[in-house]
Amino acid sequence: MAIKVADLSKTFSGRPALKRVSLDIAPGEMVAMIGASGSGKSTLLRHFCGLETGDTDAGEVEVLGRRVQRRGRLAADVRRTRSRVGFIFQQFNLVARLSVETNVLAGCLGRMPIWRSLSGCFTAEQRDRARAALARVGIAEQSRQRASTLSGGQQQRAAIARTLVQQAEVVLADEPIASLDPESSRRIMETLARINQEDGTTIVVSLHQVDFALKYCPRTIALKDGEIVYDGASSALTPASLKALYGAEAWDLDDGGDLTLGVNSFLGGHRLQAATAAI
Amino acid sequence: MAGALQHTLPNHRQALSKSLFYAGLLALLAWSWEGAEMRPMALVSDAGNMGTFLKDFFPPNFHDWRYYLKEMAVTLQIAVWGTALAVVAAIPLGLLCSANIAPWWLCQPVRRLMDSFRAINEMVFAMLFVVVVGLGPFAGVLALFVHTTGILAKLFSEAVEAIDPRPVEGIRATGAGILEEIAYGVIPQVLPLWISYSLYRFESNVRSATVVGMVGAGGIGVVLWEIIRGFYFAETGAVMIIVVITVSVIDILSGRLRKLFF
């Protein structure tokens with residue numbers, strides 16, 4: 001199994017974010033994780049590579065056959081596992097003042113001797129790999145620029161290039177297109193799908209736009225209030241079944257499931273306001 | 001709207017705490033008046049004295065200007081090495097003082113140590129180091145080094161605590177270790193501030209270096225101390241002019257340099 005989660009729970013100061021989640025993802029799969037804001041999809045994704053640790057009473061996460069965490073404790077060799085897992089963030093998380101090339105080369109950090117990484121002596125082979133990765137995602141010309149000078153879509157492509165340099169066998173993408181315009185979103189999703197098909201990389205991507213999930217990911221895991229409410233073929237998800245899962249208030253599916261980014265962000269904001277009002 | 005309303009109608013508790021604050025401030029000033037032996041009338045009654053005293057400074061005597069410039073250069077050299085050593089020491093110590101980098105059991109003791117470095121003035125350190133390494137500029141370098149390390153470690157750690165944690169998480173997700181997280185995620189974010197703080201401390205250290213000389217720690221301060229004690233006020237005037245010009249030039253240059261990094 002590429003990813004194996006058993007009985008994982010997470011409580012943030014008394015409020016449960018994940019409730020006894022179990023799932024298996026096979027190598028080479030491309031899986032969408034959908035759910036409204038606060039449904040736990042980002043939290044779950046962060047547990048996969050140990051950026052977050054679960055509750056201490058139970059729960060285990062294994063990635064690529066190696067334990068990442070168990071009962072809220074990270075495995076001692078979690079860094080070895082992380083070096084084989086790429087992570088893509090909603091806010092790109094590039095280092096703004098470093099060049100695009102250096103940001104991408106950072107993908108090598110998990111697997112090089114410390115004297116090389118601290119002195120910035122990347123090997124010729126690593127630099128070639130960075131160049132190839134930047135060309136593959138289509139931002140080779142920007143490699144010398146500071147990361148902060150790039151547009152959001154370009155920054156996210158640099159983040160994808162970092163996972164390529166990392167030669168990641170699993171890529172976890174946490175809302176990679178939530179801060180992007182529709183055209184950039186489409187390009188990012190297509191790049192991820194291409195990497196999945198060409199390299200056989202296992203990809204798990206959390207989204208709050210159902211239409212992107214249906215279009216690019218054969219399998220969808222749907223979360224609601226920290227629990228998996230659907231796990232199966234994306235093609236089996238219909239407007240009616242989504243309505244059954246989330247109720248009419250979560251997603252407006254009246255026009256045949258043709259969701260737009262605008263409608264979703266609006267509803268996201270609306271739900272947030274409702275939640276604040278409830279507090 | 002709500003804010004404006006609060007401004008026009010301050011509630012009673014706010015008004016009370018405000019007047020208590022001012023009353024406390026007045027009490028503090030009154031209490032300090034006694035201890036500081038404030039006698040403003042002395043400025044008026046002794047105005048004649050001051051006039052004659054000031055007259056002794058003019059015209060300044062630049063007869064020994066080569067010697068003054070040489071000692072001024074020594075003062076600058078003291079400041080350069082005092083600051084350079086402090087910057088090198090403050091990088092690891094500043095990181096160890098940062099709550100978002102070091103665990104609390106390391107962070108707290110290092111912070112207290114840096115507090116004590118800061119709390120004690122350069123002059124006091126200079127007197128101690130004169131005893132240890134003897135009279136001369138090296139004692140001045142060590143004094144500036146210790147005091148400046150305390151200041152820079154605090155300033156550096158404040159910059160580190162204000163960083164955006166997300167790029168660091170991005171580096172961590174690649175499997176990088178803590179040192180690599182610092183080198184690639186933290187340092188690039190704080191470097192402009194660190195350089196700016198270091199240059200600013202260099203400016204301050206040029207000023208301090210003129211003073212530490214007075215306890216025998218080398219440089220123009222030694223000259224100043226000797227001629228003031230010998231009542232050579234015309235020479236004192238000349239040295240003071242050299243100090244003012246040097247410090248101003250350093251201030252302007254380093255101010256320009258600091259702007260480059262923002």
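Here are a few things to note about the model shown:
- Top-ranked residue of segment B:184-207 - restricted to ones that are more than 15 Å from residue B:152 (Cα to Cα) and more than 14 Å from chain A (Cβ to nearest Cβ), ranked as surrounded by the fewest Cβ atoms within 10 Å (Cβ to Cβ): B:207
- Selection within segment A:101-133: residues that are β-branched (Val, Ile, Thr) and either free of Cβ contacts under 8 Å to residues at least 60 places away in the same chain or over 11 Å from residue A:162 (Cβ atoms) (or both). The member of this set that is farthest from the other protein chains (Cβ to nearest Cβ) is A:123.
- Subset tally (residues that are in a loop (DSSP other than H, G, I, E, B) and among the polar types (S, T, N, Q)) for segment B:83-102: 2
- Taking segment A:194-236 and the strands (runs of 3 or more DSSP E) fully enclosed by it, the elements with 3 or more residues that are free of Cβ contacts under 8 Å to residues at least 24 places away in the same chain and over 14 Å from the mean Cα position of the chain (by Cα) are at A:227-233.
- If you go through segment A:149-193 and keep only what is of a type in the set (Val, Ile, Thr) and free of Cβ contacts under 8 Å to residues at least 40 places away in the same chain, you end up with A:149, A:177, A:188.
- Tabulated pairs, segment B:228-246, first over 17 Å from residue B:214 (Cβ atoms), second charged (D, E, K, R) and assigned to a helix (DSSP H, G or I), C-beta under 8 angstrom, 6+ apart or interchain: B:234/B:56
- In the set (1) assigned to a loop (DSSP other than H, G, I, E, B); (2) in contact with a helix residue (DSSP H, G or I) (Cβ under 7 Å, 6 or more places away or on another chain), the condition left unmet by residue A:126 is number (1).
- Answer from B:32, B:98, B:116 - the residue that is within 24 Å of the chain's Cα centre (by Cα) and either loosely packed, with under 13 Cβ neighbours inside 10 Å or free of Cβ contacts under 8 Å to residues at least 60 places away in the same chain (or both): B:116
- Residue among A:56, A:11 that alone is without any contact (Cβ under 8 Å) to a residue 60 or more places away in the chain, polar (S, T, N, Q), part of a strand (DSSP E or B) and farther than 30 Å from residue A:131 by Cα: A:11
- The residues of segment A:43-89 that are within 12 Å of chain B (Cβ to nearest Cβ) and of a type in the set (S, T, N, Q), listed by number, are A:81, A:83.
- The condition of being more than 14 Å from every other protein chain (Cβ to nearest Cβ) and surrounded by fewer than 23 Cβ atoms within 10 Å (Cβ to Cβ) holds for only one of B:181, B:169, B:158, that being B:158.
No value in this document is a laboratory result; all are computed from the given coordinates. Everything numeric in this text was worked out from a predicted model, so none of it was measured. Note: ideal-geometry Cβ built from the backbone for every residue, glycine included; neighbour counts use all protein chains shown.
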